[in-house]
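Okay, so here's the structure we're looking at.
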Amino acid sequence: MNQLTTKELSYIEDEIRAEEITAKTINWCAAQCEDQALQKQLEEVAERHQMKVGDLSKYFNRSMHIQ
């Protein structure tokens with residue numbers, strides 16, 4: 001189990017939020033796109049960002065807070 005400071009935990013939370021916003025924005029762009037090839041690429045990029053959210057969340061949840 002990782003031991004992280006409050007500052008480190010805060011940084012991870014910020015990264016999770018940023019990845020969520022990025023994924024949602026790219027998905028929105030994909031939904032607006034008329035080019036099927038570009039839409040597929042955008043959806044794949046958004047999915048990679050969602051996977052990062054999952055990975056960061058797991059890391060965050062396994063970590064212990066230290067003073």
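The values are calculated or read from the model by the stated rules, or taken from the named source; none is laboratory data. Since this is a predicted model, take the numbers as computed values, not measurements. We place every Cβ from the backbone using ideal geometry, glycine too, and count neighbours over all the protein chains shown.
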Complete set of residues in segment 42-66 that are loosely packed, with under 12 Cβ neighbours inside 10 Å and touching a residue at least 60 places away in the same chain (Cβ under 8 Å): Arg62, Met64, His65, Ile66
Qualifying residues in segment 3-23 (those that are in contact (Cβ under 8 Å) with a residue 40 or more places away in the chain and exposed (fewer than 11 other Cβ atoms within 10 Å of the Cβ)) - the one nearest to Tyr59 (Cα to Cα): Gln3
Qualifying position, being under 12 Å from the mean Cα position of the chain (by Cα), of a type in the set (D, E, K, R) and at pLDDT below 95, among Glu8, Glu13, Glu19, Glu47: Glu13
Some residue of segment 28-41 being within 10 Å of the chain's Cα centre (by Cα), among the small types (Gly, Ala, Ser), part of a helix (DSSP H, G or I) and surrounded by 12 or more Cβ atoms within 10 Å (Cβ to Cβ): no
